[in-house]
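Taking it in order: structure first as structure tokens, then the write-up.
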């Protein structure tokens, strides 16, 4: 299948081109404003599917809207017609196509050209009226407030918000690309389409989430970034890092036994940390009423000892780092861990709650 992507150097174009390539489509022709017109015509003459993403949204002169949107789309359609292949076309439009402004009118005219082409030829003709699209590689201070917020917050630049309660609809670039690639199976009906996953939110909520990402390096408390809008925003936020931002230092607390370091805290699922113990050193010697911990020895050899605080029942377990064994602490059982190997012991630790110095639920009881 011969695929043409106009606007291939733009935000959506770059992401779509990469995902098409990853899925094994190896005949993709990228077109941008620097591509000679002769090459554009040649690509359109052999195309089976055209993603028409090129357009103008912030020109120096309003007259450029018509040229960059309607006239350009007319050129694409006319050259597709010449090949007589009933090539399917997807047009990147905007929710502003319903508005009476120069940009909206130019987009509506482009839409009409695509619809007319589909009605005339029976070829697939798909129009996407995108709301605010966000994701990696989107240009800040251009047409995405999310990109601007991410760039500014990463670089400690103030962001200006006129109305935090202003409602916005967002679509994430990965969801956009997946929807566009799905058109290639030939089972989609022509017409105005939408991205299946949309996020209804406010400008203020977006800003607060992004600020939370920034603060997490200091507090170690991560936002809930595993699903939904927070997941997509977090990925987008990270994409604005410069290489020098790729790392940060954690506080470590050391004494004669070894070191202890907290890595990550969650709002609902506890925290992750690690500790070390020198040869022969024992750490712990306490119990919890409610708190639970999971230990994973990642270097060395450890002896775990347990004692029931009421019955005095005892239990011991030797764990080597080669075994990848998780050792649980159980409420009401005092426990400690001793380095019985020849090298430094390193243990990864998860606790089901963030440590609270005011209510630590950690009561000393050496074994």
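Assorted remarks:
- Total residues in the range 1-34, condition free of Cβ contacts under 8 Å to residues at least 12 places away in the same chain and assigned to a helix (DSSP H, G or I): 3
- Within the range 119-148, the only residue that satisfies the criterion of being in a helix (DSSP H, G or I), in contact with a strand residue (DSSP E or B) (Cβ under 9 Å, 6 or more places away or on another chain) and surrounded by fewer than 19 Cβ atoms within 10 Å (Cβ to Cβ) is 119.
- Restricting the range 35-63 to residues that are free of Cβ contacts under 8 Å to residues at least 12 places away in the same chain and not in a helix (DSSP H, G or I), the residue that is farthest from residue 128 (Cα to Cα) is 36.
- Test for residue 280: is it surrounded by 15 or more Cβ atoms within 10 Å (Cβ to Cβ) and on the phi > 0 side of the Ramachandran plot: no
- Answer residue from the range 227-274, given it is part of a helix (DSSP H, G or I) and loosely packed, with under 14 Cβ neighbours inside 10 Å and is farthest from the chain's Cα centre (by Cα) among those: 244
So that you can scan it fast, the table gives a plain yes or no per residue for (1) touching a residue at least 12 places away in the same chain (Cβ under 8 Å); (2) under 20 Å from residue 16 (Cα atoms); (3) assigned by TED's automatic domain parsing to the domain that holds residue 266:
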{"residue": "120", "(1), (2), (3)": "no, no, no"}
{"residue": "123", "(1), (2), (3)": "yes, no, no"}
{"residue": "153", "(1), (2), (3)": "yes, no, no"}
{"residue": "156", "(1), (2), (3)": "no, no, no"}
{"residue": "179", "(1), (2), (3)": "yes, yes, no"}
{"residue": "212", "(1), (2), (3)": "no, no, no"}
{"residue": "217", "(1), (2), (3)": "yes, no, no"}
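- Single condition residue 144 does not satisfy, out of (1) at pLDDT below 95; (2) under 26 Å from residue 74 (Cα atoms): (2)
- Which numbered condition residue 166 misses (of (1) surrounded by fewer than 19 Cβ atoms within 10 Å (Cβ to Cβ); (2) at pLDDT 95 or above; (3) at positive phi): (3)
- Some residue of the range 286-301 being touching a helix residue (DSSP H, G or I) at 6+ places or on another chain (Cβ under 8 Å), modelled with pLDDT of 95 or more, crowded, with 18+ Cβ neighbours inside 10 Å and not in a strand (DSSP E or B): yes
The values are calculated or read from the model by the stated rules, or taken from the named source; none is laboratory data. Fair warning: this is a prediction, and the values are worked out from it, not measured in the lab. Neighbour counts are summed over all protein chains in view; Cβ atoms, including those assigned to glycine, are modelled from backbone coordinates with ideal geometry.
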